[in-house]
Every structure is written in structure tokens, then in C-alpha cells.
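One structure is given below, encoded as C-alpha cells.
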Amino acid sequence: MEGQTHKPHRASKKTKEKKTKHQGGQNPKAFAFSNPGKLARQAARSHDIKEKRLHVPLVDRLPDEPPPRLVAIVGPPGVGKTTLLKSLIRRYAKETISDPVGPITVVTSKKQRLTFIECPNELEAMVDIAKVADIVLLMIDGNFGFEMETMEFLNILAATGMPGNVFGILTHLDLFRKPQALKDAKKRLKHRLWSELYQGAHLFYLSGVLNGRYPDREIHNLSRFLSVMKNPRPLVWRNSHPYTIIDNYRDITHPTRVEEDENCDRSIELSGYLRGTNFAAQGQRVHIAGLGDFTVSNMEVLPDPCPTPAMEQALAKVTGKTGRRRLDEKDKKLWAPMADRSGMKITGDHIVITREKGFAFDKDAEGVERGEGEQLIVDLQAERRLLGHTDKGVKLFATGEQITELPEEVDSGRKSQRKARFLERDGSDDDEDVPEDEGFVSGEEEGELEGSDAEAEFDENKLGKIFRKQADNDQEDDVAFADSDSDLGSLSGEEDLGDDSEEEEAFDSDEEGAAVRWKDNMMERAKILHGKRRPYRAVDLARFMYDTSLAPKEAIRKWRGEEDEEMEEDIEQDEDTFFRKTGNDEKEDLADDRTIPHFDYEDLATRWSNQDAVEALRSRFATANLLDGEGGDDESGDDDEDDFGDDDDEGDGAFEDLETGEIHGPDKEDEESDGEPEETEEPEVSLEAEREKNARRKEELKLRFEEEDREGFNNDKAVARREGGDQEFGEDEWYDAQKAMLQKQQDINKAEFEELDESQRTAVEGYRAGKYAKMVIEGVPAEFVKQFQARLPIVVGGLSPTEDRFGFVQVRIKRHRWHKKILKTGDPLIFSLGWRRFQTLPIYSISDSRTRNRMLKYTPEHMHCFGTFYGPLIAPNTGFACFQSFSSSNPGFRIAATGTVLSVDESTEIVKKLKLTGTPYKIFKNTAFIKDMFNSALEIAKFEGAAIKTVSGIRGQIKRALAKPDGHFRATFEDKILLSDIVFLRAWYPIKPHRFYNPATNLIGWQSMRLTGEIRRDENIDTPLQKNSQYRKIERPTRHFNPLRVPKALAASLPFKSQIVQTKAQKKETYMQKRAVVAVRGEERKARDLMQKLTTIRKEQVAKRRAKKEEKREEYRKKIADIEERLENKEKREKQAYWEREGRKRKPGDVGGGGGKRRR
């Protein structure tokens, strides 16, 4: 028993099912898909999300110093736009503006600025703002809801290009009394905004107004959100056009012209930050919205009025000054030239200073806060002092020192006008005309002797050594001119510095001697500063090469710095040598530099009359023979050299190093061979043959490659292989590779342009975006100046050369679903297309079986159609919006239609359906003569062979015109027609849109084209009624057709189903025929009529009485139901009270029957 082994116990189910604890890591079962269909859907969804971020790569044209972002505050009147603008300016600039008008730019962070503009409640301004706004703050009255202006602006944004940042702001939330109502309103408006924009659009809440501003915490949250916002994807239109929003305007027309004619065309100066692409340096065509098309006559970059700390830090780094690292409160800047800033407002060409309490100031009062305008008046009302003169002294520059007193020994300057001075000449009595002074004498160089008004006597020893040397050599009389003051000093490096002592002895102690003391040791300073050879710069070479006034040799000479030496030699040589005629060799060298070279036309005519010369010229352009191995012998090469000149300038390795002047290649070998011609002759010939052989081989390989690759060297695949090797890209890699290629090209362009100086870069690249510039526009109507309103935005958009042309534009258009009326062809419509707003007459059409564009009289109800109108040619895929009127008195939704441009063309083909009708007057078997369709045989000849049709559906064809009468023709049909049939011909008539273009110039007053009905209504003119246009009763006579008569023989042979059944006439009279009819006459009829009327009245009274009783019964039933309900409730209460009372009286033991067993 002791050694007995026991069988082990079986493991229980719980032990078997006990799971091990999770030891970390991802649980594979938790992330597995049990359903394969769910796996496929999840994979498709993730792929869709991945694809949504892929867009067509666009070049990011945002410069390193970007312009301020334009924040537009839009909303209906009375919603709080101005209050929000004041609050944001107070938040960013710590300054209060009483009347914020026009664009207002503030610095928000180290590298960012924002330009705020309030959009007025006018449709023209809303259209212009929608085209340029980067960020839109959509103001919504939370207590009222969405208004018509808000929905109109959102639809304009959708048509012209929706910016990436559109936010809603709810105001007037303090008018809600119940929290639940406020919560419901927020939720309702949020979802309504999401349906218009996108799911998850941001919505901010502004509760109330405190001290004329919104609460600081809410404005702080909004400003934080605006400051940290990223740059969205650029819109295509803004990324391909230059534009600017004007924040300062000035009329620069000459006052004399305005006095002579008040309505003369003005010249205005507009200033603003440049945006988009670059403005052209010269001849930039622009469109000023609401004004018209103009050419910029002059453009100039101004210092940035509102620079960021990063820009100032970069400038300080260049100038050597230390810049600040953060944006302090005192450094926050504000640029609002049109707004009322601290009582000062710049409007046009004058400054307006306003103050509520008048202009009586105590300038000695301390601790008084004054605005900028008030402080300016205090300074002007002080005692008369010089500009910049204060109690502490005169301060000419902001960074300079204040000068308190002037030393007596220092000369105070010139006291009379400068005059030309002449060199004294020995033995010359000629008096020549004296030119005016060139301005080379310094301000202190010419003065008067102390105590004398007489002018100082001229001393030739006070001039430079060059002019003294000329005077000593008895040269002819001449006037001393120079380009600058330094040209009169010692310029030549050949003269010793030891002559300085002679100069010091020559200088007297008068004013002129003291004035030229700055020229002491000039040569030593010049050697220290410019002793080394001037380095070669690509910038200078490019400037000289593109200077049309310089020949290439002169440009190279100036670039090397050889011009100064030659100028000195020219000055030192005598007059005969200077004006000596140069040789023919120099003339021949410069002959190639002429714009129009000299030719001997007789020699050319003789040369090209030779057939061999023509064949040799053909061989230069036709390269197919290079593959054959013929025509490439040495003889042809010699002929080419004889006929066309030197051919060794390309591909032979011959070049000249411009920096060292060393010549490489065959020219150098030629120079070396002059000394030993016999030894180097054979290698030269063999080298030439080797080069020719290599050139032929390269050309052959190039042609073979072109045969294999028809797309040439610059196809996309070849470029991709060169850029990234031969690797094949996946989808994501290809997308990234395309973006990298764009970025690489942009970096290359940037590096190339940075090598140029500012003037050259402007000439080549234009005025870059981000700069603050002013542009001068000439020929502006005077009404613009007279009716100028600062609250209306002025948008200046650049035009491409294509957009300056006019033609027919075909668009895809759809009537807006909220516009009440459908649109009619030929009615005037206002288009907002590109930068322009103009009125034109569109014609609507639809594609008819893809064979023709058939004109529509009206737009379809719920679908797109084509529209064709005359206007400026705009690139395809450009969105637009249409309006019938800009007037705010229009109660409905003002956006009539939206669409996109399909194509532009100078011509268009739209056809209109035309039906010609005629009637037959003579009918044969299948032939008939038709009249009343045409008027002459010529018209019939145009339509010979055309298909015609009758109303009953019988088809036919026009054959020939009849000789007489004129306009009648013969036609054949597929069956015999009747005289009563109407024959019609379906034709198509081509129509052209009217060439009508009326720009909407609302800034100078504009009257749109009106409809005929509007003119009649405004002028109280009755609509004329034409006789043929009136509706009249149509009387059609009843047609009687002959009965169908079937012959008896044919009827007998018909089958049973087709037998004609005819009922025999009944011989006996029917009941209706036998029945006696009592004729009611006279008094009996009147009595019956009266009784019928009385019965009708009785029935109506009974019906009214019954309805009245039913109403009373209904009231009684309601009353009884109410009583019964009260009784029932009372019984329930009494019953409940009874059982509550009885339940407390009884004990649990009193109740019999419990749950125990029943005893037997």
C-alpha cells in the first residue's frame, strides 16, 4: 500500500482555460481583422486619406521677406467689424485708433506682420477683397444668424478662389438670456457654417463689449490663433499674377494744370506692399479695380514703413549695429496712413489733425499725454526756430550729435553763387563763351576774403598737377571741367609723393587753400584703399555687357580697369595726337560690334550667284550627310573657310583668359609657330584633321541618338534620369521628387539673382514681392480724385500680355440656386473675371449631340450650360461670378451665376434653330409643288437636297426651283401628302455675340446698361403692342372626312377577324323616341328657377347652422373631457391617499394568506 502510486488528478477546465498574462508589446489579436471585407475597406480608406494630401506641386513664390498677410474683416452692417478692428489693433500695437480706415499694418511677431482691412458693405468691395484676402474673419450676428451679405461673400470666395484660412466669429452673444438658448444657437450656427465651408471650421465667440472693445481674453485667443497660423497652399491666380493693395494715395498732378482745367487727367501715386509674382521693371500693365487698365509710368521701392525685428536685425548685421532679440512693447509698430491715428490722418496729399477740445495747448505742461498730431501742433506753435533746432542745439541727423555753438574760426560757407573759373593762359587774348559751372567745386572751396566783398583771385597753382602741367606746356585755352572733386587732384601714379611739400608751399592761407586741405595725402590714401588691383566681378561685367552705349571691347576694358590709364594718357597727350584719325585696323575690329554691320552688297550678290557657294551653305544646315561619310573632306572645309570666314571659334579649344590675358589653343600655337614655321607646320595640319574627325564623330552619335529618341534631349524622362539617376520612383517618392525638382530650380534661380546688384536684379527680375513700393499712374480721370473714399479698397492687379487682348470667351456657367430668376440670352450681366469687373452680353448654348453649339433662350434650371461673351482673354480654369446688379436695394440674392473659363478664341460658332414653313398647292403621286417657304430661286438653290418634313411625319427632299412663280419649288416625299399638310424645313442660323464691353468703374461713377423693361419703368413709357404679337382666339374649322368605303368583293374576301360589321337600322321606335317630352315654358320655368334658388339658399343656411352647432358641441366635448380628466385625477389621488393611510394602520402579521403552506 505504501508503494502504491496514485494516478494524477485531471486538470480542471478552469486551469486549462487560464491565460498567461500579457507581457508587453502589441497584441496581435487586438489589431487583427476578423472580416476580410472590413480589411479591404480599411485599406481603401487609409489609401484615400493618403491621396487627399497629394496635390499638383506648385512653385512657392513666397519671398524670404514676405509681405504682410492680408486679414479681411467681413460682415453685414452693425455686426461689430470696426469694434473688432480696434480691439485687434489695441492688442497688437497698444494704440487706440478712433477711426480705422484703409489697410492697417501691424507687427505681430519677430518675422510676421498682418494687414487688417475692414470690408465695407458694398458688393464691389466684397468682390475685390475676396480676390486678395489671405485670412478672412467672417463676422456673424449670433442673435440674428446668417445674413444675405455673409452668404454672398462665401459664394464669391468659392467662385474666385477660397483661401485656406476662413474663420467665423459670433458676436452679440450677450443678448441671450438663457444659457440653453445660447448653447443651442452656437451649435446651430456652427453646423451651418460647417456646411458652407468644411467640417471642423473654426468658430470664435465674442460675448460683449467693454469700454468700446471686446474682452481682452477673447481677443487674446483670436490674436494668438492668427499669429501661429501656417501659410496655406497658394491659389493659382495669385501665384501667377502680381498685385498689391494700396494703403496710401497721393495726387501729384501739377497745380497749374489743375487750375487751368479742373477735369484734366491726373497723375496719382499709389503705395503698398507688392504681392504675388514680380512686377515688371518697365511698362507693367495693371488693372485698378473699379478704375480701369493703365500702364505704370514709374515705380520705386521705398523703405519698409513697418519692418519686422528680423528685418531690422538683418539690416543691423549688415551695418554693424546690434539688433534687438525680441519684440518689446515699445517696439511694436503700426502703419496706418489712411486711418485717424492719434488725431492725425493722411488723406491724399495733405495731413488732417483733429482734436475735440480745440488747439489751445500749454506747451510747458508736464505729464500730459498727447497724440502724435497734438505733439506736432505743439512743436509748430512754439517760438520760431530753425528746423531741428531745440534748446539743446541743432541736430541734423537722428544718429548725429547736437551742435550747440559754431566755432568762429570755421568758415560759415559760401555767401554768393558759384561761378565758373578759368585757367590762366599765357599769350592768349581770346574770350570764349563760358559754360555754366559743373558743380565740381566743393562748398567751402570758394569764398570771400575777410573784410572784403571782392571775389578771391584765381590762382592756377591751386589746381591739380595735371592742369598745371598743361598750363606750363602752353596748351590752348580751355575750361577746367571734371566729373568730381577728386578729378582735379593728383590722379596720376607717375608723379612722386614728394611734390606734396611743393603743394603745401603753393597753397595760401586764404579760403581756397583751406578748402582743399582734404586733398592732402590723397595718393597715399588712394594707394591704401585702392592700391590692389580691382577684383573681377561678374556683376560689373554683366552691367557693362548689357550697356548698349558701350562696345564689347570698351566693356572688357572698363571691366579690367584699363580705362583710367588710357584716360590719363589721353589727357597728357597734346591736341593733335588726341584728335588724330585712327587706323583702319581699329575700325575693322569694331565693325562686328555695330547693331547694323556694313556690307558690300555687290560683292554679296556676286558670291551667292555661285552655285557652289549655295551648296556649301546648304551643307551647314543639312546635317543628314554626316551619317553617310561624304561631304566631309578637307576641300569642303577649305571652301567654307574661304567663303564664310574663320570657323575655329567654336569647339576647337581656342579661348583667351580675360583675367590673365593669356591665349590658349590654336591662336597661341600660331604665335609660337611664327618663330619656327618649318618645324610646327605638319603637327598643325594633323591637329586640324584630328579635330575635324572628332567633330564628325560627335555629330554622327548625336544624330543616331535623335533617331532613337524622337522626343529629343529635353524630354521628361531624360531630365528625370539626369536629375535623379535611373531609379524608378514609387507614388510617394515621385511626388516628393517633383517637389524637390521645383525647389532645386527655385534655389538655382535665387542663387543666380543674388549675384547681381540691386539695379540689375530689378531690371531682369522686376520688383519683387514683399517690397514696399510706390507706383505712378498717369491719365487717371479727375473723378477718382474728387470722389476718393478711403474706406473702399484699391486693388492693383498686374496683367499678362494675353489678358490685355480682347476676344470671345467660352465659359461653363450655371445659374445660382438661390437666384430667383433664370437668365435670358442677350441680357446684360456683370462678370467678375480675373482682376476686372465688366458688363457684357452673354449668349447661352448647349452642345447638341456634340456636333454643334445650339443657342438657348434661357439658362437651364438645374444644370450647367455654355456661355459665350466678348471680353478680355483669361486663362482657362479661371473661376468667375456674375451679377445682374450691384445695387443694395435688390432684395434677393445678388449672385446670379458662377462658372469657369473653358477656352478663349477670337471667333465662335453658335447656331440658332430656324424653321421655314410652306404649303403645297399642287400634288402629284409622290411629288408636290411647295409655296410660301422661299422668296427667290437663289434661296432655293442654297437648300437643294435639304430634308423637309410634313406635320403628319412624311419625310421629303427639296429638288429644284420652278421657273414661275418665283420662290416655288418641287419636292418629293416618301408618300402622297395632302393639301392641308404644312411642310417645314429645319435649318440652323449662325449668330455672333455682341462686341459689348462696359468696365464697372465704380470709383469714378458708373452707370450699368439697363434692360428695356427697366428703362420703360423708369421713364414711364408704355409697352408698345404690335398687332402680330397680340394673342387672339384661334378658330379651327371642323374637318369632315369621307367615310371609308370598302368594295363588296374585297369585303367578302377578308378573313373573319377583319370582317366589317355594320349594324342594320332598327325599324321599331325606341323608348326614348316614344317618350313624351313636356315642354316647360314661361311662368312655370320662372317658378322652377325661383324654387331652385330658394332651395339653394335654404341648404346653405342649414349647412351654416349645422357647422355652428358642431363648433359648440366641440367646445362642450372639450369641457366634458376636462371635467372627466379632473375627476379621474381626483379619484387617483383619493385612492392613493386611502391606501397610504390604510397601509400604515395594518401590520404585516394581520394580513392572512402569506406565503406559508395551507394546513389540512
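Any read-out appearing in this document is the output of simple, stated calculations on the displayed coordinates, not a laboratory observation. Computed from a predicted model, the values in this text were never measured in an experiment. In this analysis, Cβ positions are derived from the backbone assuming ideal geometry, glycine residues included, and neighbour counts consider all displayed protein chains.
Pull out a ≥ b ≥ c, the square roots of the eigenvalues of the alpha-carbon gyration tensor of the range 917-1009, then state rounded if a/c is under 1.5, prolate if not and a/b is larger than b/c, and oblate in the remaining case. Provide the component values of the computation, followed by the final result.
Details: a/c = 4.09, a/b = 3.02, b/c = 1.35.
The shape class here is prolate.
Per residue of the range 145-161, in order, report the coupling 6.51 cos²θ - 1.76 cosθ + 1.60 (Karplus, θ = phi - 60°) as ³J(HN,Hα) in whole Hz, putting x for Gly and Pro.
Listing the rounded values in order: x, 5, 10, 5, 5, 5, 5, 5, 5, 4, 6, 5, 4, 5, 7, 8, x Hz.
Each residue of the range 1028-1040 in turn: what ³J(HN,Hα) in whole Hz from Karplus with 6.51, -1.76, 1.60 and θ = phi - 60°, glycine and Pro shown as x?
Once θ is set to phi - 60°, the couplings for the range 1028-1040 become 6, 8, 7, 7, 9, 5, 8, 10, 10, x, 6, 8, 10 Hz.
Taking θ = phi - 60°, what integer Hz values does the Karplus form 6.51 cos²θ - 1.76 cosθ + 1.60 yield along the range 1046-1052, in sequence order, with x for Gly and Pro?
9, x, 5, 4, 6, 5, 6
Please list, by residue number, every one of the GluC sites (Glu not before Pro) in the range 1035-1113 that is coil in DSSP and has at most 13 other beta-carbon atoms within 10 Å.
Details: sites: GLU1035, GLU1069, GLU1083, GLU1084, GLU1100, GLU1110, GLU1111; in loops: GLU1035, GLU1069.
Those satisfying the criteria are GLU1035, GLU1069.
May I ask for the equivalent-ellipsoid semi-axes of the range 720-878, computed as the square root of five times each C-alpha gyration tensor eigenvalue and listed largest first in whole Å? Could you put the intermediate results ahead of the total?
Working: eigenvalues 327, 196, 40 Å².
Semi-axis lengths for the range 720-878 are 40, 31, 14 Å.
Under 29 Å between C-alpha atoms is the cut-off here; go through the range 788-939 and count lysine pairs that meet it, provided they're at least eight residues apart or on different chains.
Step by step, the pairs that qualify in the range 788-939 add up to 25.
Listed highest first by mean packing, meaning other Cβ atoms within 10 Å per residue, what order do 125-137, 76-88, 257-269 come in?
On the way: 125-137: 23.8, 76-88: 19.4, 257-269: 14.1.
Top to bottom by mean Cβ count within 10 Å: 125-137, 76-88, 257-269.
Throw me the Rg/Rh for the range 964-1019, computed over C-alpha atoms with Kirkwood Rh, two decimals. Walk me through the numbers on the way to the answer.
Details: Rg = 24.8 Å, Rh = 18.2 Å.
For the range 964-1019, the value is 1.37.
Separation of the range 1017-1032 and the range 1058-1087 by C-alpha centroid, Å?
Distance between centres, Cα-based: 54 Å.
Mind grabbing the base-10 log of I(q)/I(0) for the range 122-246 at q = 0.12, 0.19, 0.21, 0.22 Å⁻¹? Debye formula, identical points on the C-alpha positions, no solvent, two decimal places.
These q points yield log10 I(q)/I(0) values of -0.52, -1.19, -1.35, -1.42.
Could you order peptides 172-179, 109-116 by the average number of other Cβ atoms within 10 Å of their residues, highest first? Write down the numbers at each step before the final one.
Working: 172-179: 12.5, 109-116: 19.8.
Descending packing order for the listed peptides: 109-116, 172-179.
All other residues with a Cβ under 14 Å from the Cβ of LYS964 taken together, and with Lys, Arg as +1 and Asp, Glu as -1, what is their net charge?
Values: positive: LYS922, LYS931, ARG960, ARG970; negative: ASP966.
Net local charge, LYS964 excluded: +3.
Using modelled backbone amide H atoms (1.01 Å from N, in-plane), which distant-in-sequence or interchain residues come within less than 5 Å of GLY807's amide H?
Excluding prolines and chain starts, which carry no amide H, the hits are GLY871, LEU873.
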